[in-house]
Each structure stands twice: as structure tokens, then as C-alpha cells.
Amino acid sequence: NTGEWVEVTARFFGVQSPICAGLVARGARLFGHLIDAFGDNLVAATGAGVTGGHIAKLRHDPILALLAEFARSVGAFARTEVGDIFGSVLAANPAAYHLYYGGVGRRPGPKVDFYAEYDHWGGRAVPRLFELKTIAFCPTRYKDTDGQYPQGAVGRRADALPGERIKELIKLDRDFFHTPAGQTGPMEARALTFCPPGGDPFTALAVGAFGEFSVGLETLVADFASMGARALRGRTGAPSEQLARTALLWKMRQEIGMCALRGHAKVIIARARMENIGGGGAAHGGADDDGTEEWAEGVYHQRQETRSWHEAA
């Protein structure tokens with residue numbers, strides 16, 4: 001997709017989004033908020049029809065799928081969006097199950113973003129629970145004090161994530177299993193079975209607005225690279241297993257970074273089509289048929305022509 005590639009390139013070099021620059025010139029809004037030239041307001045947008053929708057998943061889900069692909073390629077067992085780990089706890093208690101799933105409609109059970117079994121410590125497959133968050137460039141995530149915090153915005157988000165998930169499970173225990181305060185309920189107990197020595201049940205994986213990784217994600221990718229190094233050396237004839245590991249680690253990092261950039265571009269393109277929603281515009285998006293993507297492709301070709309002219313000169 002040429003429009004997507006234009007947005008990826010703009011993000012990589014830190015220049016204005018081609019699509020958003022055009023929308024800014026028209027004073028476009030999304031849910032009453034002005035769209036900025038870099039597209040950060042579009043990506044960070046919240047509101048009915050935005051938060052939790054499929055567009056918000058365009059950055060998150062492809063990274064999950066890529067991590068699962070990495071895991072399987074090095075011989076690890078992996079699953080994404082796993083619901084039966086905690087759903088089975090509910091199923092074992094009919095009263096809690098009926099209370100949780102009862103009423104109108106069927107609510108989704110608590111899911112784990114990423115489940116993997118691999119030789120994290122060496123010698124045996126260790127089951128692990130991972131939660132992935134992709135964060136946007138906005139004041140609530142990126143702060144002036146980030147330079148004083150290890151790994152800045154992604155580090156802060158990753159540090160908060162395991163505790164958030166445990167609090168959610170404790171609330172489920174109280175609401176549906178009637179667990180008294182201060183006691184460990186069945187949902188929390190299930191999570192604690194996944195605790196590594198001295199760690200949390202959930203390992204946080206965070207990807208920032210500029211493709212930066214949290215420590216948990218760096219460690220996970222490094223583990224996968226170590227697991228796949230011997231096989232890669234055998235296939236490629238690398239001089240050493242260490243060099244094969246370095247090459248594989250570089251490749252995985254590059255693919256995750258590009259996946260994050262492409263997801264960012266997809267969100268911008270999708271939400272640009274929602275221009276004027278919530279701000280008095282068309283009910284289904286004032287920019288659906290305005291040719292924003294085609295306009296971006298036109299900019300791309302124009303720049304290509306300019307580049308060719310300079311090279312010829």
C-alpha cells in the first residue's frame with residue numbers, strides 16, 4: 001500500500017504525516033479535537049467508536065502475531081488472545097460462571113495477550129504470560145521527566161502493567177467469587193501459578209510511539225534469538241553461534257520496529273477517514289470518500305519525480 005508506505009517513511013524521519021498535513025490545512029477534527037500535522041492526536045484519540053475498536057488494534061494485533069511467529073520459528077509453543085486460562089476458572093464454578101456470563105448478551109472472558117512455553121531458564125519449557133501495550137505520543141504517556149525514568153515512556157507503562165492485570169483479577173474474584181478483601185481468590189491464584197522466581201505473573205511488553213521497546217520485550221526477543229541461533233548457523237554456515245544469534249536478534253528487532261511503524265500508519269489512514277466524526281460532520285466519517293489515501297499516493301509519486309529529477313541533475 002503506497003499510502004501506508006508514505007506514512008511509515010514520514011514517521012521514520014520524524015516529519016509531518018502527508019495525510020494529516022492536508023487535513024490540518026482544512027481544519028479537520030476528530031471527536032471535536034483538531035488533527036495535528038504529525039497524526040499523534042489521531043493515533044491517541046479516545047471516545048465512543050474509537051477506544052477499543054478494531055482500528056485501535058491495528059498497531060497491537062500485528063505485533064502479537066509477529067511475536068507468535070518468532071516463537072514458533074524457534075521451536076516454542078505460543079498462542080495469542082488466550083481466553084481459557086482464566087475462563088476455565090470461571091467454568092469450574094457454576095455460580096460464578098452464570099454471574100459472569102449471565103444477562104443480556106455474552107461478555108468476553110478475561111484474555112491473556114500472549115502465552116508462550118519456552119526454555120527461558122534453560123533445561124525445561126517454562127509457561128509464561130505476556131501482556132502487550134502499544135502507546136501513542138500524548139501527554140499522559142510521554143512526559144517531560146522521561147529522561148529520568150529507565151526506558152522513558154515504555155518503561156513507565158511496562159512497570160504499571162502487571163499490577164493493573166492483577167488488580168483486574170482481584171476485582172473479578174470479589175465481584176463473581178465473593179472473595180473477602182485481603183484473601184487470594186481463584187482468579188488471582190491461577191495467575192500466581194505463572195510467577196517466575198522473584199517475578200510477576202505477567203510480563204509486560206510495551207512498544208512506544210517511535211518503535212522503542214520495553215525491557216520485557218527486549219528480553220523476550222533476545223531469548224528467541226538465543227533459541228534459534230544454532231539452527232540459523234546450520235542453515236547459513238555462520239562462523240559462530242554468537243554471530244548467528246546477533247543476526248537473528250537484529251532481524252527480529254527490525255521486523256518488530258517495522259510492524260509498529262506500519263501499524264501506526266494504518267491507524268492514521270483509518271482514522272483520517274473518520275474526519276469530523278463527533279464534531280458535527282457525517283455520521284459515518286466525512287472523509288470516507290475524500291481521497292485522502294489517493295492524495296497521499298499522489299504526494300508520494302510527486303516526491304519520487306522530484307527525487308528522480310535531482311538524481312538526473
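Before moving on, here are some points about what is shown:
- Complete set of residues in the range 148-180 that are open to solvent by 80 Å² or more (accessible area, probe 1.4 Å), free of Cβ contacts under 8 Å to residues at least 12 places away in the same chain and part of a helix (DSSP H, G or I): Gln148, Lys167, Lys171, Arg174
- Some residue of the range 227-239 being assigned to a helix (DSSP H, G or I), in contact (Cβ under 8 Å) with a residue 60 or more places away in the chain and surrounded by fewer than 16 Cβ atoms within 10 Å (Cβ to Cβ): yes
- Scope the range 247-275; condition more than 19 Å from the chain's Cα centre (by Cα) and either of a type in the set (Lys, Arg) or open to solvent by less than 70 Å² (accessible area, probe 1.4 Å) (or both); matching residues: Ala247, Leu248, Leu249, Ala272, Arg273, Met274, Glu275
- Selection from the range 122-137 of residues that are within 23 Å of the chain's Cα centre (by Cα), of a type in the set (A, V, I, L, M, F, W, C) and either at pLDDT below 85 or farther than 21 Å from Gln16 by Cα (or both): Leu129, Phe130, Leu132
- Selection of the range 8-17 for residues being out of contact with any Lys or Arg (no Cβ under 9 Å at 6 or more places or on another chain) and more than 13 Å from Asp40 (Cα to Cα) yields Thr9, Phe12, Phe13.
- If you go through the range 181-212 and keep only what is open to solvent by less than 20 Å² (accessible area, probe 1.4 Å) and among the aromatic types (Phe, Trp, Tyr), you end up with just Phe202.
The values are calculated or read from the model by the stated rules, or taken from the named source; none is laboratory data. Just so we're clear, the structure is a prediction, and the values are computed from it rather than from any experiment. Backbone-built Cβ (ideal geometry, glycine too); neighbour counts: all protein chains shown. Just so you know, the surface numbers come from the protein's heavy atoms only, side chains and all, with ligands and any DNA or RNA stripped out. Shrake-Rupley method; radii C 1.70, N 1.55, O 1.52, S 1.80 Å.
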